[in-house]
Amino acid sequence: MENLIIIGSGPAGHTAAIYAARAKLNPLMFEGAFAAGVAAGGQLTTTTEVENFPGFLSIQGPVLMDQMRRQSLHCGARILTETVDKVDVSQRPFKVWAGAQEYQARALIIATGATAKRMNLPGEDRLWQKGISACAVCDGGLPFFRNKVLAVVGGGDSAVEESTYLTKFASKVLMLVRRDVLRASKVMQERAQNNPKIEIMFNTLPVEILGEKSVSGLKIKNAMTKAESTLDIGGLFYAIGHLPNTSFLGGQLALDEAGYIKTQPGTTQTNVEGVFAAGDVQDKRYRQAVTSAGTGCMAALEAEHFLSTHSH
């Protein structure tokens, strides 16, 4: 019987593990074995330079996650490289299945994150993080993207936000929209249309990403005429949404319409007492390493309080 099981190993999971271990809860973390197609450590393992995590002028994403992992172990957390297949939170102790074994826990922290949707275009795997990103706020300010023509795929609010953010660094931002209208809210549409650095290309479908060692162009197709052409760009950003990694929960926790775990405002408490959610699996707004770490801390403190008031 475990006091606390943490599912997920990004900044939220590791911050929770550090706090819980220091509180002598002896937490057990399942870091995942390439869960949701991402290495243990989460989305930061797919990032190169991280310049916005406090305390580091610049650090490689995988290095930052390795340091968090080492800190979790140093504080006394135990880590298993297994992917959780399913859980049962209908009664306490909660049950967790991973690697054909069943585990029981008095409290659970779910920190399984969200995975950026990709388009699986030709050239994408070869050039991912070599000019392709799914987070403008994370990567857009890197020297690599400065003073270049950048393309953003998407037509919703987040696509406008990413495009607007990129205009600080890019010489020009091309918004590639599949349809003939923007899905973004009225105020966001006006923001994009009134920005002299943003050019909106409607009825535009990306076909193939070009470049040898880094992105140098994008083959596109007009959705109406089917005519193909090539854009000279120095970077490509996906703003087509994220998929929260919640399928293993089997519908046992309350989710919002996009599949993110619902938490009580100002807390990490889910609709099941003793089950907490931290990081991007419950945050579709900020999606930053530092905000994930903050909710990981909150979840550990709330789990500690829960365990101290529920002795069995």
TODO: Starting from the amide H of Glu2, placed 1.01 Å from N in the peptide plane, find each other amide H under 5 Å away whose residue is 5 or more places distant or on another chain.
DONE: Gln104, Ala105, Arg106
TODO: List, in order, the whole-Hz ³J(HN,Hα) value for each residue of the range 4-10 obtained from phi through the Karplus relation with A = 6.51, B = -1.76, C = 1.60 and θ = phi - 60°; use x for Gly and Pro.
DONE: 9, 10, 10, 10, x, 9, x
Task: Per DSSP, loop GluC sites (Glu not before Pro) in the range 1-61 with at most 16 further Cβ within 10 Å - done: Glu51
- [ ] Rank by packing, highest mean first: peptides 108-120, 52-64, with packing defined as the count of other Cβ atoms within 10 Å averaged across residues.
- [x] 108-120, 52-64
TODO: Would you calculate the separation in nanometres between label points at Asn194 and Leu57, each defined as 7 Å from the Cα along the Cα-to-beta-carbon direction?
DONE: 3.9 nm
Task: Low-density loop cleavage sites - trypsin sites (Lys or Arg not before Pro) in the range 277-311, where at most 15 other Cβ are within 10 Å (DSSP) - done: Arg285
Task: Cα-based shape type of the range 184-238, given that a ≥ b ≥ c are square roots of the gyration tensor eigenvalues and the cut on a/c is 1.5 - done: oblate
TODO: Rounded to the nearest 0.05, what FRET efficiency do Ser247 and Gln129 give with R0 = 22 Å and r taken as the Cβ-Cβ distance? Could you check?
DONE: 0.30
Task: Percent of C-alpha pairs per 5 Å bin, the range 1-84, short to long - done: 3, 17, 25, 24, 16, 10, 3, 1, 0
Task: Ranking of Asp139, Asp157 by count of other Cβ atoms within 10 Å, fewest first - done: Asp157, Asp139
Task: For Val181, Val96, order by how many other beta-carbon atoms lie within 10 Å, fewest first - done: Val181, Val96
Open item on the list: Give me a comma-separated list of calculated 3J(HN,Hα) values for the range 206-219, in order, Karplus coefficients 6.51, -1.76, 1.60 applied at θ = phi - 60°, integers in Hz, x for any Gly or Pro.
Closed with: x, 10, 7, 8, 10, x, 8, 8, 8, 5, 10, x, 9, 7
Open item on the list: Looking only at Cβ-Cβ distances, which cysteines of the chain have no other cysteine closer than 4.7 Å?
Closed with: Cys75, Cys297
TODO: Would you please state the base-10 log of I(q)/I(0) at q = 0.08 1/Å for the chain, with intensities from the Debye formula using one equal scatterer on every alpha carbon?
DONE: -0.39
Task: Spin-label pair Met224/Val181, simplified geometry with 7 Å Cα→Cβ offset, distance in nm - done: 1.5 nm
Open item on the list: Principal axis extents for the range 118-238, Cα atoms only, whole Å, descending order, please.
Closed with: 38, 35, 22
Open item on the list: So for the range 118-238, averaging the separation of alpha carbon pairs under 8 Å that are six or more residues apart and normalising by length, what relative contact order in percent results?
Closed with: 31 percent
Task: For the range 103-167, convex hull volume per residue from C-alpha positions, Å³ - done: 159 Å³
Task: Counted charge near Leu57, where neighbours are those whose Cβ lies closer than 13 Å (Asp, Glu -1; Lys, Arg +1) - done: -2
- [ ] Determine, for Arg179, Arg69, the number of other Cβ atoms within 10 Å of each Cβ, and report the residues in order from fewest to most.
- [x] Arg179, Arg69
Open item on the list: Apply the Karplus curve 6.51 cos²θ - 1.76 cosθ + 1.60, θ = phi - 60°, to the phi angles in the range 77-84 and return the couplings in whole Hz, x for Gly and Pro.
Closed with: 6, 10, 10, 10, 8, 10, 9, 6
Open item on the list: Within 10 Å of each candidate Cβ there may be at most 12 other Cβ atoms; applying that plus a DSSP loop requirement, which GluC sites (Glu not before Pro) in the range 220-312 survive?
Closed with: Glu257, Glu273
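The numbers here are math on the coordinates, done by the rules we state, and not lab data. Please read all numbers here as calculations on a predicted model, not as lab measurements. Positions of Cβ are backbone-derived with ideal geometry, glycine not excepted, and every protein chain shown enters the neighbour counts.
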